[in-house]
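Below is one structure, written out as C-alpha coordinates; the observations come after it.
The values are calculated or read from the model by the stated rules, or taken from the named source; none is laboratory data. All values derive from a computational prediction rather than experimental measurement. With ideal geometry, Cβ positions are generated from the backbone for all residues, glycine too; neighbour counts draw on all protein chains shown.
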Amino acid sequence: MIFDELKSDLSSCFKNSNLKVTSAGVELLTTPTGVCKLQMVVKDPLNPSQNSYINDIAVSVNNQKFELPLLVDFLTNYSTDTNISFSVNGDTSTIRQTAYTTASLQIQSVQGGLEISLTYPVSNITIASTANFFNPQQAFVILSNHTILAKFDMNLAIQTAFMAQLALTPYTKVVYRLTAQVGSNTFTHQISKAAPFNPNLRLLFISCSDGSQNEQELCANFYKIALDNTEVLWSIDILFYNDKDFVSLETTNLNILTSCFDKVTIQERDQELCASVIRRENITACTQLFSGPLNMVLQIYEEENLLDQGQHRMIKPHSSIGANETQFCFTCTDADTECKTAMSMAGKSTSIYNLVVLNATKTTATPTQKIVKDNYKGSNLTPQILGGLILVASAVACILGILTTLRNIKMMKSKKNKL
(Lines give C-alpha, C1' and ligand atoms only; values in the text may rest on other atoms or scores of the structure.)
Protein backbone atom coordinates (compact mmCIF):
# COMPACT_ATOMS: atom_id res chain seq x y z
CA MET A 1 0.00 0.00 0.00
CA ILE A 2 1.48 3.33 -1.06
CA PHE A 3 1.66 6.47 1.13
CA ASP A 4 -1.49 8.20 -0.19
CA GLU A 5 -3.50 4.99 0.20
CA LEU A 6 -2.30 4.58 3.78
CA LYS A 7 -3.25 8.18 4.59
CA SER A 8 -6.65 7.84 2.93
CA ASP A 9 -7.26 4.64 4.89
CA LEU A 10 -6.92 6.63 8.16
CA SER A 11 -8.97 9.66 7.10
CA SER A 12 -12.24 8.54 8.71
CA CYS A 13 -11.19 7.21 12.10
CA PHE A 14 -13.36 9.63 14.18
CA LYS A 15 -16.70 11.40 14.14
CA ASN A 16 -18.57 13.89 16.34
CA SER A 17 -15.55 15.46 18.04
CA ASN A 18 -16.31 18.07 20.74
CA LEU A 19 -13.82 20.32 22.51
CA LYS A 20 -14.32 22.36 25.67
CA VAL A 21 -11.79 25.03 26.63
CA THR A 22 -11.72 25.80 30.36
CA SER A 23 -9.53 27.99 32.53
CA ALA A 24 -7.55 24.86 33.50
CA GLY A 25 -6.99 23.34 30.06
CA VAL A 26 -8.88 21.50 27.30
CA GLU A 27 -11.32 18.59 27.32
CA LEU A 28 -11.93 16.49 24.20
CA LEU A 29 -14.74 14.02 23.58
CA THR A 30 -14.71 12.05 20.34
CA THR A 31 -16.47 9.00 18.94
CA PRO A 32 -14.48 6.29 17.11
CA THR A 33 -15.83 5.04 13.77
CA GLY A 34 -14.10 1.71 14.38
CA VAL A 35 -12.66 1.51 10.87
CA CYS A 36 -9.07 2.13 12.02
CA LYS A 37 -8.70 -0.55 14.71
CA LEU A 38 -5.78 -2.28 12.97
CA GLN A 39 -3.83 0.98 12.79
CA MET A 40 -4.78 2.41 16.19
CA VAL A 41 -2.31 0.40 18.26
CA VAL A 42 0.53 1.34 20.59
CA LYS A 43 4.14 0.44 19.80
CA ASP A 44 5.14 -2.87 21.36
CA PRO A 45 8.72 -2.58 22.72
CA LEU A 46 9.03 -6.39 22.59
CA ASN A 47 8.24 -6.50 18.88
CA PRO A 48 11.12 -4.85 16.92
CA SER A 49 9.57 -5.86 13.59
CA GLN A 50 6.33 -3.94 14.24
CA ASN A 51 5.96 -1.35 11.48
CA SER A 52 2.46 0.08 12.19
CA TYR A 53 1.62 1.97 15.38
CA ILE A 54 0.66 5.36 16.87
CA ASN A 55 3.50 7.62 17.98
CA ASP A 56 1.75 10.65 19.39
CA ILE A 57 -1.71 12.18 19.86
CA ALA A 58 -2.36 15.84 20.64
CA VAL A 59 -5.03 18.53 20.41
CA SER A 60 -4.14 21.76 18.64
CA VAL A 61 -6.21 24.84 19.55
CA ASN A 62 -5.38 28.04 17.69
CA ASN A 63 -1.96 26.47 16.98
CA GLN A 64 -1.37 25.83 20.70
CA LYS A 65 -0.58 22.15 21.26
CA PHE A 66 -1.84 19.99 24.15
CA GLU A 67 -0.15 16.57 24.27
CA LEU A 68 -2.25 13.55 25.27
CA PRO A 69 -0.69 12.09 28.45
CA LEU A 70 -2.27 8.59 28.37
CA LEU A 71 -1.83 7.21 24.87
CA VAL A 72 -2.63 3.62 25.90
CA ASP A 73 -6.04 4.55 27.36
CA PHE A 74 -6.97 6.43 24.18
CA LEU A 75 -6.08 3.49 21.92
CA THR A 76 -7.74 0.95 24.24
CA ASN A 77 -11.00 2.86 24.07
CA TYR A 78 -10.72 3.00 20.29
CA SER A 79 -10.29 -0.78 20.04
CA THR A 80 -13.48 -1.34 22.07
CA ASP A 81 -15.63 1.25 20.22
CA THR A 82 -15.91 3.31 23.40
CA ASN A 83 -16.32 7.08 23.36
CA ILE A 84 -12.95 8.67 24.03
CA SER A 85 -12.63 11.57 26.46
CA PHE A 86 -9.52 13.10 27.94
CA SER A 87 -8.36 16.31 29.56
CA VAL A 88 -5.05 18.11 29.22
CA ASN A 89 -4.07 20.88 31.64
CA GLY A 90 -2.44 24.01 30.31
CA ASP A 91 -2.62 27.78 29.99
CA THR A 92 -5.68 28.71 27.92
CA SER A 93 -5.87 32.45 28.64
CA THR A 94 -4.86 33.42 25.10
CA ILE A 95 -7.34 30.99 23.55
CA ARG A 96 -10.23 32.08 25.75
CA GLN A 97 -9.89 35.77 24.89
CA THR A 98 -9.54 35.20 21.14
CA ALA A 99 -12.60 36.02 19.03
CA TYR A 100 -12.49 32.89 16.85
CA THR A 101 -11.25 29.42 17.75
CA THR A 102 -10.19 26.49 15.60
CA ALA A 103 -9.09 23.08 16.85
CA SER A 104 -8.01 19.71 15.55
CA LEU A 105 -7.05 16.26 16.79
CA GLN A 106 -3.54 15.49 15.51
CA ILE A 107 -2.12 11.99 15.28
CA GLN A 108 1.47 11.04 14.43
CA SER A 109 1.49 7.50 13.05
CA VAL A 110 3.83 4.97 11.51
CA GLN A 111 2.11 2.74 8.96
CA GLY A 112 4.06 0.17 7.01
CA GLY A 113 7.25 1.89 8.10
CA LEU A 114 6.07 5.25 6.70
CA GLU A 115 5.52 8.26 8.98
CA ILE A 116 2.06 9.76 8.53
CA SER A 117 0.65 12.93 10.11
CA LEU A 118 -3.15 13.05 10.32
CA THR A 119 -5.37 15.99 11.25
CA TYR A 120 -9.04 15.67 12.24
CA PRO A 121 -10.83 19.04 12.51
CA VAL A 122 -12.96 19.62 15.62
CA SER A 123 -16.09 21.49 14.59
CA ASN A 124 -17.89 21.81 17.92
CA ILE A 125 -15.88 24.07 20.24
CA THR A 126 -17.14 25.51 23.54
CA ILE A 127 -15.44 28.18 25.64
CA ALA A 128 -16.40 27.56 29.27
CA SER A 129 -17.90 30.39 31.32
CA THR A 130 -20.31 30.85 34.24
CA ALA A 131 -23.27 28.49 33.92
CA ASN A 132 -26.60 30.25 33.21
CA PHE A 133 -24.96 33.69 33.18
CA PHE A 134 -27.26 34.93 30.39
CA ASN A 135 -31.03 34.72 30.09
CA PRO A 136 -31.48 32.65 26.89
CA GLN A 137 -34.91 34.18 26.25
CA GLN A 138 -33.33 37.63 26.08
CA ALA A 139 -30.16 36.85 24.14
CA PHE A 140 -30.75 37.68 20.49
CA VAL A 141 -29.59 39.64 17.46
CA ILE A 142 -31.66 41.58 14.90
CA LEU A 143 -30.61 42.87 11.48
CA SER A 144 -32.58 45.71 9.88
CA ASN A 145 -32.23 49.32 8.75
CA HIS A 146 -28.59 48.50 7.84
CA THR A 147 -28.00 48.14 11.59
CA ILE A 148 -27.24 45.26 13.93
CA LEU A 149 -28.82 45.14 17.38
CA ALA A 150 -27.55 42.60 19.92
CA LYS A 151 -29.38 42.23 23.24
CA PHE A 152 -28.03 40.07 26.07
CA ASP A 153 -29.77 40.13 29.44
CA MET A 154 -27.99 38.76 32.46
CA ASN A 155 -29.82 36.03 34.36
CA LEU A 156 -31.28 37.83 37.37
CA ALA A 157 -31.27 34.57 39.38
CA ILE A 158 -27.46 34.60 39.62
CA GLN A 159 -26.80 38.34 39.44
CA THR A 160 -26.42 38.98 43.18
CA ALA A 161 -24.03 36.06 43.71
CA PHE A 162 -22.01 36.90 40.60
CA MET A 163 -21.60 40.57 41.53
CA ALA A 164 -20.52 39.62 45.06
CA GLN A 165 -17.84 37.28 43.68
CA LEU A 166 -16.75 39.85 41.09
CA ALA A 167 -16.22 42.42 43.84
CA LEU A 168 -13.45 40.16 45.18
CA THR A 169 -11.73 39.97 41.78
CA PRO A 170 -9.21 42.64 40.70
CA TYR A 171 -10.16 44.03 37.28
CA THR A 172 -9.99 47.43 35.59
CA LYS A 173 -11.76 47.02 32.24
CA VAL A 174 -14.74 45.24 30.69
CA VAL A 175 -14.89 44.51 26.95
CA TYR A 176 -18.19 43.76 25.19
CA ARG A 177 -17.55 41.89 21.93
CA LEU A 178 -20.01 40.78 19.27
CA THR A 179 -18.78 38.15 16.81
CA ALA A 180 -20.42 36.48 13.83
CA GLN A 181 -19.21 33.77 11.49
CA VAL A 182 -20.59 31.95 8.47
CA GLY A 183 -18.22 29.92 6.33
CA SER A 184 -15.04 31.96 5.89
CA ASN A 185 -16.82 35.28 6.53
CA THR A 186 -16.50 36.91 9.96
CA PHE A 187 -17.59 40.12 11.67
CA THR A 188 -16.37 41.56 14.98
CA HIS A 189 -17.42 44.66 16.91
CA GLN A 190 -16.39 45.57 20.44
CA ILE A 191 -16.51 48.37 22.98
CA SER A 192 -14.54 48.85 26.20
CA LYS A 193 -15.82 50.19 29.51
CA ALA A 194 -13.85 51.04 32.63
CA ALA A 195 -14.66 49.06 35.77
CA PRO A 196 -16.97 48.48 37.54
CA PHE A 197 -19.07 46.07 35.49
CA ASN A 198 -22.62 47.33 34.90
CA PRO A 199 -25.07 44.40 34.68
CA ASN A 200 -27.66 46.74 33.15
CA LEU A 201 -25.56 47.38 30.03
CA ARG A 202 -27.11 44.73 27.80
CA LEU A 203 -27.14 46.21 24.34
CA LEU A 204 -24.86 46.72 21.35
CA PHE A 205 -26.26 48.85 18.52
CA ILE A 206 -24.13 48.93 15.38
CA SER A 207 -24.97 51.14 12.41
CA CYS A 208 -23.22 50.39 9.12
CA SER A 209 -23.25 54.15 8.51
CA ASP A 210 -20.95 54.86 11.47
CA GLY A 211 -17.18 54.64 11.80
CA SER A 212 -14.43 54.94 9.21
CA GLN A 213 -14.97 54.22 5.53
CA ASN A 214 -13.33 50.81 5.95
CA GLU A 215 -15.50 49.97 8.98
CA GLN A 216 -18.64 50.99 7.10
CA GLU A 217 -17.72 48.78 4.15
CA LEU A 218 -16.91 45.78 6.34
CA CYS A 219 -20.20 46.20 8.20
CA ALA A 220 -22.26 46.65 5.03
CA ASN A 221 -20.65 43.65 3.29
CA PHE A 222 -21.29 41.30 6.20
CA TYR A 223 -24.80 42.71 6.68
CA LYS A 224 -25.66 41.63 3.12
CA ILE A 225 -24.29 38.15 3.76
CA ALA A 226 -25.99 37.72 7.14
CA LEU A 227 -29.44 39.18 6.39
CA ASP A 228 -31.97 36.31 6.56
CA ASN A 229 -29.11 33.79 6.83
CA THR A 230 -29.97 31.40 9.67
CA GLU A 231 -26.59 29.66 9.37
CA VAL A 232 -24.68 32.62 10.85
CA LEU A 233 -23.32 31.92 14.33
CA TRP A 234 -23.68 35.08 16.44
CA SER A 235 -22.02 35.28 19.87
CA ILE A 236 -21.57 37.83 22.62
CA ASP A 237 -18.49 37.85 24.85
CA ILE A 238 -17.99 39.89 28.01
CA LEU A 239 -14.27 39.91 28.85
CA PHE A 240 -12.71 41.15 32.08
CA TYR A 241 -9.15 42.52 32.17
CA ASN A 242 -6.87 43.76 34.93
CA ASP A 243 -4.92 46.36 32.97
CA LYS A 244 -3.61 44.24 30.07
CA ASP A 245 -3.95 40.88 31.84
CA PHE A 246 -6.92 38.70 30.90
CA VAL A 247 -9.03 37.69 33.92
CA SER A 248 -12.16 35.87 32.72
CA LEU A 249 -15.04 35.96 30.28
CA GLU A 250 -18.75 35.23 29.94
CA THR A 251 -20.02 34.08 26.56
CA THR A 252 -23.15 32.82 24.85
CA ASN A 253 -24.57 32.30 21.37
CA LEU A 254 -27.39 34.60 20.27
CA ASN A 255 -30.73 33.69 18.72
CA ILE A 256 -31.64 35.42 15.44
CA LEU A 257 -34.89 37.42 15.35
CA THR A 258 -36.57 38.16 12.03
CA SER A 259 -37.30 41.76 11.05
CA CYS A 260 -40.48 42.45 9.07
CA PHE A 261 -39.53 46.01 8.10
CA ASP A 262 -36.74 47.33 5.88
CA LYS A 263 -36.88 50.71 7.55
CA VAL A 264 -38.46 52.30 10.62
CA THR A 265 -38.53 56.01 11.41
CA ILE A 266 -39.91 57.35 14.69
CA GLN A 267 -41.95 60.55 14.55
CA GLU A 268 -42.26 62.52 17.78
CA ARG A 269 -45.61 64.30 17.86
CA ASP A 270 -47.71 66.05 20.46
CA GLN A 271 -48.49 63.41 23.11
CA GLU A 272 -47.68 60.44 20.85
CA LEU A 273 -44.89 58.58 19.06
CA CYS A 274 -45.52 57.18 15.60
CA ALA A 275 -43.48 54.51 13.80
CA SER A 276 -43.42 54.96 10.01
CA VAL A 277 -42.34 51.74 8.31
CA ILE A 278 -41.34 50.29 4.99
CA ARG A 279 -42.41 46.65 4.94
CA ARG A 280 -40.30 43.79 3.69
CA GLU A 281 -41.86 41.82 0.90
CA ASN A 282 -42.30 38.06 0.60
CA ILE A 283 -41.43 37.21 4.20
CA THR A 284 -43.80 34.31 4.93
CA ALA A 285 -43.36 34.48 8.70
CA CYS A 286 -44.35 38.17 8.70
CA THR A 287 -47.41 37.62 6.52
CA GLN A 288 -48.65 34.92 8.88
CA LEU A 289 -47.95 37.02 11.95
CA PHE A 290 -49.61 40.17 10.61
CA SER A 291 -52.86 38.41 9.73
CA GLY A 292 -53.90 37.56 13.31
CA PRO A 293 -54.32 39.19 16.75
CA LEU A 294 -51.02 40.60 17.97
CA ASN A 295 -49.35 43.31 20.01
CA MET A 296 -47.26 46.16 18.68
CA VAL A 297 -44.64 47.18 21.23
CA LEU A 298 -42.34 50.19 20.93
CA GLN A 299 -39.37 49.61 23.23
CA ILE A 300 -37.16 52.57 24.04
CA TYR A 301 -33.73 51.89 25.46
CA GLU A 302 -30.96 54.11 26.73
CA GLU A 303 -27.78 52.70 25.24
CA GLU A 304 -25.79 53.23 28.43
CA ASN A 305 -28.47 51.86 30.76
CA LEU A 306 -30.52 49.15 29.12
CA LEU A 307 -33.09 47.75 31.54
CA ASP A 308 -35.31 44.69 31.33
CA GLN A 309 -37.60 44.29 28.34
CA GLY A 310 -40.57 45.09 30.57
CA GLN A 311 -39.31 48.61 31.19
CA HIS A 312 -39.68 51.70 29.00
CA ARG A 313 -42.17 50.39 26.48
CA MET A 314 -45.39 51.48 24.81
CA ILE A 315 -47.94 48.81 23.87
CA LYS A 316 -50.63 48.94 21.17
CA PRO A 317 -52.92 45.89 20.88
CA HIS A 318 -53.67 45.25 17.22
CA SER A 319 -56.19 42.93 15.59
CA SER A 320 -54.06 42.57 12.48
CA ILE A 321 -51.82 44.63 10.19
CA GLY A 322 -53.25 45.46 6.80
CA ALA A 323 -51.19 45.26 3.64
CA ASN A 324 -51.23 49.05 3.20
CA GLU A 325 -50.56 50.08 6.80
CA THR A 326 -47.30 51.99 7.07
CA GLN A 327 -47.68 53.88 10.36
CA PHE A 328 -48.43 52.86 13.95
CA CYS A 329 -48.94 55.47 16.67
CA PHE A 330 -48.51 54.98 20.41
CA THR A 331 -50.13 57.14 23.10
CA CYS A 332 -50.13 57.04 26.90
CA THR A 333 -53.02 57.07 29.36
CA ASP A 334 -52.71 59.16 32.51
CA ALA A 335 -52.30 56.03 34.63
CA ASP A 336 -49.62 54.38 32.45
CA THR A 337 -46.41 55.59 34.11
CA GLU A 338 -44.26 53.10 32.20
CA CYS A 339 -45.51 54.49 28.90
CA LYS A 340 -44.90 58.06 30.09
CA THR A 341 -41.33 57.15 31.05
CA ALA A 342 -40.79 55.80 27.55
CA MET A 343 -42.26 58.98 26.05
CA SER A 344 -39.91 61.13 28.11
CA MET A 345 -36.90 59.29 26.64
CA ALA A 346 -37.87 60.08 23.05
CA GLY A 347 -35.42 62.29 21.25
CA LYS A 348 -32.45 61.64 23.54
CA SER A 349 -29.23 61.05 21.64
CA THR A 350 -28.65 57.78 23.52
CA SER A 351 -32.16 56.42 22.89
CA ILE A 352 -32.62 53.34 20.73
CA TYR A 353 -36.05 52.32 19.46
CA ASN A 354 -37.13 48.75 18.83
CA LEU A 355 -40.46 48.10 17.09
CA VAL A 356 -41.62 44.64 18.17
CA VAL A 357 -44.50 42.68 16.67
CA LEU A 358 -45.51 39.57 18.59
CA ASN A 359 -48.22 37.04 19.22
CA ALA A 360 -48.34 34.04 21.53
CA THR A 361 -45.75 32.06 19.57
CA LYS A 362 -43.62 34.38 17.43
CA THR A 363 -41.71 37.63 17.84
CA THR A 364 -40.17 39.91 15.21
CA ALA A 365 -38.32 43.16 15.89
CA THR A 366 -36.78 46.11 14.06
CA PRO A 367 -34.32 48.50 15.74
CA THR A 368 -33.69 52.12 14.76
CA GLN A 369 -32.21 55.40 15.95
CA LYS A 370 -33.92 57.40 13.19
CA ILE A 371 -36.26 60.01 14.70
CA VAL A 372 -37.87 63.16 13.33
CA LYS A 373 -39.77 65.82 15.23
CA ASP A 374 -43.23 66.69 13.91
CA ASN A 375 -44.40 70.12 15.13
CA TYR A 376 -47.97 69.52 14.03
CA LYS A 377 -50.50 70.09 16.83
CA GLY A 378 -54.25 69.90 16.22
CA SER A 379 -54.97 72.93 18.47
CA ASN A 380 -52.75 75.08 16.25
CA LEU A 381 -54.71 74.31 13.09
CA THR A 382 -57.21 77.21 13.34
CA PRO A 383 -54.60 79.92 14.07
CA GLN A 384 -52.51 78.60 11.19
CA ILE A 385 -55.49 78.86 8.80
CA LEU A 386 -56.44 82.36 10.02
CA GLY A 387 -52.84 83.46 9.75
CA GLY A 388 -52.73 82.19 6.20
CA LEU A 389 -55.93 84.06 5.29
CA ILE A 390 -54.59 87.30 6.76
CA LEU A 391 -51.39 86.95 4.72
CA VAL A 392 -53.37 86.37 1.53
CA ALA A 393 -55.66 89.38 2.23
CA SER A 394 -52.62 91.58 2.90
CA ALA A 395 -51.00 90.51 -0.33
CA VAL A 396 -54.17 91.23 -2.33
CA ALA A 397 -54.52 94.70 -0.74
CA CYS A 398 -50.89 95.46 -1.54
CA ILE A 399 -51.31 94.48 -5.21
CA LEU A 400 -54.51 96.59 -5.52
CA GLY A 401 -52.64 99.57 -4.02
CA ILE A 402 -49.84 99.25 -6.57
CA LEU A 403 -52.33 99.04 -9.46
CA THR A 404 -54.17 102.17 -8.24
CA THR A 405 -50.92 104.10 -7.97
CA LEU A 406 -49.87 103.15 -11.50
CA ARG A 407 -53.28 104.19 -12.89
CA ASN A 408 -53.05 107.63 -11.17
CA ILE A 409 -49.55 108.21 -12.58
CA LYS A 410 -50.78 107.34 -16.07
CA MET A 411 -53.70 109.79 -15.79
CA MET A 412 -51.37 112.60 -14.63
CA LYS A 413 -49.07 112.05 -17.63
CA SER A 414 -52.06 112.15 -19.99
CA LYS A 415 -53.25 115.51 -18.63
CA LYS A 416 -49.75 116.97 -18.90
CA ASN A 417 -49.51 116.02 -22.55
CA LYS A 418 -52.81 117.76 -23.33
CA LEU A 419 -51.50 120.97 -21.81
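The listed residues are D210, D228, and the only one of them that is at positive phi, charged (D, E, K, R) and surrounded by fewer than 15 Cβ atoms within 10 Å (Cβ to Cβ) turns out to be D228.
Checked against (1) surrounded by 19 or more Cβ atoms within 10 Å (Cβ to Cβ); (2) β-branched (V, I, T); (3) assigned to a helix (DSSP H, G or I), T30 meets all criteria but (3).
N16 meets all of the listed conditions (1) modelled with pLDDT of 90 or more; (2) surrounded by fewer than 17 Cβ atoms within 10 Å (Cβ to Cβ); (3) assigned to a strand (DSSP E or B) but one, namely (1). Checked against (1) modelled with pLDDT of 85 or more; (2) within 16 Å of V297 (Cβ to Cβ), V372 passes all but a single condition, namely (2). Checked against the criteria, S109 counts as within 30 Å of N51 (Cβ to Cβ) and among the small types (G, A, S). Scanning region 168-176 for residues that are buried (at least 18 other Cβ atoms within 10 Å of the Cβ), among the aliphatic types (A, V, I, L, M), in contact (Cβ under 8 Å) with a residue 60 or more places away in the chain and in contact with a His (Cβ under 9 Å, 6 or more places away or on another chain) turns up nothing.
Selection over region 50-71 of residues that are at pLDDT 90 or above and either assigned to a helix (DSSP H, G or I) or of a type in the set (G, A, S) (or both) gives a count of 2.
Within region 320-336, the set of residues being of a type in the set (S, T, Y) and surrounded by fewer than 10 Cβ atoms within 10 Å (Cβ to Cβ) comprises just one member, T333.
Every residue, every condition in (1) closer than 11 Å to M40 by Cα; (2) surrounded by 14 or more Cβ atoms within 10 Å (Cβ to Cβ); (3) assigned by TED's automatic domain parsing to the domain that holds F240, yes or no:
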position: N55; (1), (2), (3): yes, yes, no
position: V59; (1), (2), (3): no, yes, no
position: K65; (1), (2), (3): no, no, no
position: L70; (1), (2), (3): no, no, no
position: Y78; (1), (2), (3): yes, yes, no
position: S87; (1), (2), (3): no, yes, no
position: T92; (1), (2), (3): no, yes, no
position: R96; (1), (2), (3): no, yes, no
position: T101; (1), (2), (3): no, yes, no
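Between N221, N155, the distinction of being among the polar types (S, T, N, Q), in the same structural domain as K244 (by TED's automatic domain parsing) and surrounded by fewer than 16 Cβ atoms within 10 Å (Cβ to Cβ) belongs to N221 only.
Meeting the requirement of 1 or more residues that are under 30 Å from R96 (Cβ atoms) and of a type in the set (A, V, I, L, M, F, W, C), the strands (runs of 3 or more DSSP E) wholly within region 202-286 are 203-207, 233-242, 245-253, 255-257.
Evaluate region 292-301: report whether one residue or more is over 29 Å from A157 (Cα atoms), modelled with pLDDT of 85 or more and surrounded by fewer than 15 Cβ atoms within 10 Å (Cβ to Cβ). Yes, the conditions are met somewhere in region 292-301. Of all residues in region 206-224, those being in contact with a strand residue (DSSP E or B) (Cβ under 6 Å, 6 or more places away or on another chain) and modelled with pLDDT of 95 or more number 1. Cβ separations smaller than 7 Å between residues 6+ apart or across chains give the following pairs from region 359-372 residues that are in a strand (DSSP E or B) to residues that are surrounded by fewer than 15 Cβ atoms within 10 Å (Cβ to Cβ) and not aliphatic (A, V, I, L, M): I371/G347.
Flag: L118 does not match the condition of being under 16 Å from K20 (Cα atoms), crowded, with 18+ Cβ neighbours inside 10 Å and outside the structural domain of T179 (by TED's automatic domain parsing).
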